[in-house]
1. B:S39: under 30 Å from A:H10 (Cβ atoms) and either touching a residue at least 60 places away in the same chain (Cβ under 8 Å) or in contact with a strand residue (DSSP E or B) (Cβ under 6 Å, 6 or more places away or on another chain) (or both), yes or no?
2. Is it the case that the stretch B:22-29 has a residue that's at pLDDT 95 or above and basic (K, R)?
3. Could you check the stretch A:67-113 and list, in sequence order, the residues that are within 10 Å of chain B (Cβ to nearest Cβ) and among the acidic types (D, E)?
4. On the basis of being buried (at least 20 other Cβ atoms within 10 Å of the Cβ), touching a residue at least 12 places away in the same chain (Cβ under 8 Å) and within 12 Å of another protein chain (Cβ to nearest Cβ), does B:G104 make the cut?
5. Being away from chain B (no Cβ under 11 Å), touching a Leu at 6+ places or on another chain (Cβ under 8 Å) and in contact (Cβ under 8 Å) with a residue 60 or more places away in the chain narrows it down to one residue among A:Q17, A:Q11; which is it?
6. Does A:Q17 satisfy the condition of being modelled with pLDDT of 95 or more and assigned to a strand (DSSP E or B)?
7. Consider B:I60 against the criteria (1) under 28 Å from A:F32 (Cα atoms); (2) away from chain A (no Cβ under 12 Å); (3) surrounded by fewer than 16 Cβ atoms within 10 Å (Cβ to Cβ): it satisfies all of them except one. Which criterion is unmet?
8. I want to confirm something. Restricting to the stretch B:68-88 and keeping residues that are away from chain A (no Cβ under 12 Å) and in a strand (DSSP E or B), which single residue is surrounded by the most Cβ atoms within 10 Å (Cβ to Cβ)?
Amino acid sequence: EPEVTQTPSHQVTQMGQEVILRCVPISNHLYFYWYRQILGQKVEFLVSFYNNEISEKSEIFDDQFSVERPDGSNFTLKIRSTKLEDSAMYFCASNRGANTEAFFGQGTRLTVV
Amino acid sequence: AQSVTQPDIHITVSEGASLELRCNYSYGATPYLFWYVQSPGQGLQLLLKYFSGDTLVQGIKGFEAEFKRSQSSFNLRKPSVHWSDAAEYFCAVGPDAGNMLTFGGGTRLMVKP
């Protein structure tokens, strides 16, 4: 069964460093998303991406964040200068169309020290 | 602003007993409603969704949910719980299937033998 894969599963980084979280969405999917879940808090929407551009973003997704689809298979989330409060589980998701099921990856746990 | 409330943070049921997990939402338009399940170390798996039509929706693993517009609720039910159902359950609402989903805080289900 096709699945969304995320790498790495766990990343530890020092405050101020740049991190790139990687996702491989399901191959025929066209819409891509990033969500995050800070420990003990709700899953929160960050950004949606379609047709090589951001279609929606939340107020969390400030200038420190960027997304990219560098090739036909990967979808990345970059945090330019990490802060302690960026520590969270980051989930990538994708779907074929706006009204079709979104499949989530297993997440990348980012720890900023 | 849209919001989702899951009033029960933890629920413990005996194996074989029935289950109901509560979800209340606030949304300005006709909502797309979802229930996701997350097992330890796993991503978010869609159990079921409501877009329109029949207000009683069937999902995977024997789960069902009923959309009640008058009560702004979308409670998840299962007639007989199995030990493998122990997990965290998230209710979510959004304008479509993957974009800008708002999640509830989750309900952790424990199953007693």
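The values are calculated or read from the model by the stated rules, or taken from the named source; none is laboratory data. Because the structure is predicted, anything quoted here is derived from the model rather than measured. Glycine gets a Cβ as well: all are built from the backbone with ideal geometry, and neighbour counts include every protein chain shown.
1. Working: under 30 Å from A:H10 (Cβ atoms): yes; either touching a residue at least 60 places away in the same chain (Cβ under 8 Å) or in contact with a strand residue (DSSP E or B) (Cβ under 6 Å, 6 or more places away or on another chain) (or both): yes.
Here the answer is yes, as B:S39 does meet what is asked.
2. There is at least one residue in the stretch B:22-29 that is at pLDDT 95 or above and basic (K, R).
3. Residue satisfying the conditions is A:E101 alone.
4. Values: buried (at least 20 other Cβ atoms within 10 Å of the Cβ): yes; touching a residue at least 12 places away in the same chain (Cβ under 8 Å): yes; within 12 Å of another protein chain (Cβ to nearest Cβ): yes.
Yes: the conditions hold for B:G104.
5. Details: A:Q17 fails: touching a Leu at 6+ places or on another chain (Cβ under 8 Å).
Of the residues listed, the single one that is away from chain B (no Cβ under 11 Å), touching a Leu at 6+ places or on another chain (Cβ under 8 Å) and in contact (Cβ under 8 Å) with a residue 60 or more places away in the chain is A:Q11.
6. Taking the combined requirement at face value, the residue does not satisfy it.
7. For B:I60, the failing item is (2).
8. Going residue by residue through the stretch B:68-88, those that are away from chain A (no Cβ under 12 Å) are B:68-87.
The next check asks that each one be in a strand (DSSP E or B); those that pass are B:68, B:73-78, B:87.
On the way: B:K68: 11, B:S73: 17, B:F74: 29, B:N75: 17, B:L76: 24, B:R77: 14, B:K78: 21, B:A87: 20.
Per the stated criteria, the residue is B:F74.
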